[in-house]
Structures are given as structure tokens and as C-alpha cells.
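Everything on this sheet refers to the single structure shown next.
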Amino acid sequence: MFPRPIEKAAPVAQFAYKAALPVALFVWLLPLLAIFLTSIRPAFDIATGNMFGVPSEFVMFENYGQVLAQPNALRYMLNTLIITIPTVILSVSLACLTGYALAVYRFRWALPLFFVFVAGNFVPFQILMLPVVDLSVRLEMMNTIPGLVIFHAAFQTGFCTLFMRNFIKALPFELIEAARIEGVDEFKIFWHLVLPLVKPAIAALSVLIFTFIWNDFFWATVMLQDDANLPITVGVRTLNGEFVQQWQLISAASLLAALPPVIMFFAMQKHFIAGLTLGATKG
């Protein structure tokens, strides 16, 4: 059912694995390396076709400094935080409540309702563009950050509920029954008993949703037109000149935009791995 660990494979297979792993990692990181090299080379290199060779001049500080000196750069980063953080809080909070109800309470429509949350994850988000835009216009939430936050929270809650319900379902139900016998209020059981036990899962889910929302480009492009409301993923395209493509600045801005999710992952790495492996072993 599960793949055999590489430690149990034949010596030849272990050697091939160890030899192929650095090559695969290099190929996987090659686009990121190309973007980094573009971000530290002058515009002259790109204009003359030197896009993959050694930069003729290293202008890393000049390019990154020019990006940070843009009047809207900090505003785009702040907009992204304003969009991402409330979305993570709303999605994870609703998922914890819904996941607890679907995992603990036994009622007729529990399983069909859970399937509804699961089915929403299989709907291609592109086909929702027209209904979402139409609804946003009707509710006067088009081209507003709160409208994008509410949409993201609603769209991500299905996946978050699937995630949290499975983790809560894996907890020993005897703990909840014992608390009920002692007369503990239902909300206190949820707050003081269940949530502390699934903190690693909450941390892992928060990192995932933070990364999803921070890197969103499609919905930010669809729902936001005002330059003052754009997140960094959409705002980087404004670095292009009207007649000249400044790819070195776009590459530098793209790498700066990718830093917060990477920093958050490494800061939460311990909890993230613990959350993903929670319940993987028994005893």
C-alpha cells in the first residue's frame, strides 16, 4: 500500500537514488535560479540576449533598491498582508468549528454535508469567475479588499474543513465523552480540550492557506482593478515600463514577494511537520 523505504532497497537502487536526487533538485530549482540571475543583471544583458549566461555586471543592490524605492511597493505588500491574514483567520476559525461539528456530532446529514465541503474542492475555480464577479457587483464588493477577503475565506473553507474534520475525527472520542459526563460545557470542550490537541494541525493549515492566498494572482486580477488595492503578486507587473520591459526589476520584485511565505514556513516548520504527521502512528 505504501512505497518501500529507500533504506530497504538494493544497494544499486540506493546509489541511483542518491545520484538522481541532486540532479532532480537542480532541475526543479533551475527556474528560480534563472529568476535570481535575472534580478542581479543589468538591463543591457537582457536587451542583448544574455539572459541565461553569467551577468556582465552584478547590480543586485541597485535592482532591489530600485524595487523597494517604488512608491507603491510597500503599499502592495501591505495590501497582501491585509488580504492574507484575515483570510487565514476566517478560514481556519470556521474550519475548526465546522470540522468539530462534523467530526463529533452524529446527525443524519453529517456525512452528506461533509461530502458537499469535499466536492467544492474539485470544482475548477476558473468556471466560478463569472458568478463570483456578478455576485460581487450585486453586493457592491467588487474592487474592494473586504470583498476579496470574504471570497477567499468562503472558497478556502471547504478545504480547511476537510483538513480539520479528519484531524478532529482521529482524536479519541472517549475524551469528549468523559468531559460531557463531568458536565463540561460543549464550547469549553471545543476550546479547552479539542483545540489544544489539534494545534499542530492548525499551524500546518495556517501555513498552507497563507501560502495559497499570498501567491494568488488570478482572483486578485479578476476582482481588483484599483491600483491602490492591488496585492504584490499583481502589483509587480506595474514595474514594467510603457515601452521597455524591465525584467530585472520584475524578477527582483517576484523574489521579494516570495520571501514572506518562505519565512513563515521555516518559522513554523516544526509545527507544520508535526501537523502533517499527526495521527500517522499509533501508540
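Odds and ends about this structure:
- Among (1) under 24 Å from the mean Cα position of the chain (by Cα); (2) under 24 Å from residue 227 (Cβ atoms), the one test that residue 126 misses: (2)
- Residue check, residue 59 surrounded by 14 or more Cβ atoms within 10 Å (Cβ to Cβ) and in the same structural domain as residue 248 (by TED's automatic domain parsing): no
- Checking each residue in the stretch 44-101 for being among the small types (Gly, Ala, Ser) and out of contact with any helix residue (DSSP H, G or I) (no Cβ under 7 Å at 6 or more places or on another chain) picks out 47, 49, 53, 65, 69, 93, 101.
- Among (1) of a type in the set (A, V, I, L, M, F, W, C); (2) surrounded by 20 or more Cβ atoms within 10 Å (Cβ to Cβ); (3) outside any helix (DSSP H, G or I) - the single one residue 184 does not satisfy: (2)
- Identity of the residue in the stretch 44-78, under 32 Å from the mean Cα position of the chain (by Cα) and small (Gly, Ala, Ser), that ends up nearest to residue 258 (Cα to Cα): 73
- For residue 106: the one exception among (1) surrounded by 11 or more Cβ atoms within 10 Å (Cβ to Cβ); (2) closer than 25 Å to residue 202 by Cβ; (3) of a type in the set (Lys, Arg): (1)
- Residue ID - farthest from residue 235 (Cα to Cα), chosen from residues in the stretch 79-124 that are of a type outside the set (D, E, K, R) and outside any helix (DSSP H, G or I): 107
- Hits in the stretch 215-226 (condition: surrounded by 18 or more Cβ atoms within 10 Å (Cβ to Cβ) and either touching a His at 6+ places or on another chain (Cβ under 7 Å) or closer than 15 Å to residue 155 by Cβ (or both)): 216, 219, 220, 222, 223
- Residue check, residue 171 out of contact with any strand residue (DSSP E or B) (no Cβ under 7 Å at 6 or more places or on another chain), part of a helix (DSSP H, G or I), surrounded by fewer than 21 Cβ atoms within 10 Å (Cβ to Cβ) and assigned by TED's automatic domain parsing to the domain that holds residue 83: no
The values are calculated or read from the model by the stated rules, or taken from the named source; none is laboratory data. Computed from a prediction, not measured in an experiment: that's the story for all the values here. We place every Cβ from the backbone using ideal geometry, glycine too, and count neighbours over all the protein chains shown.
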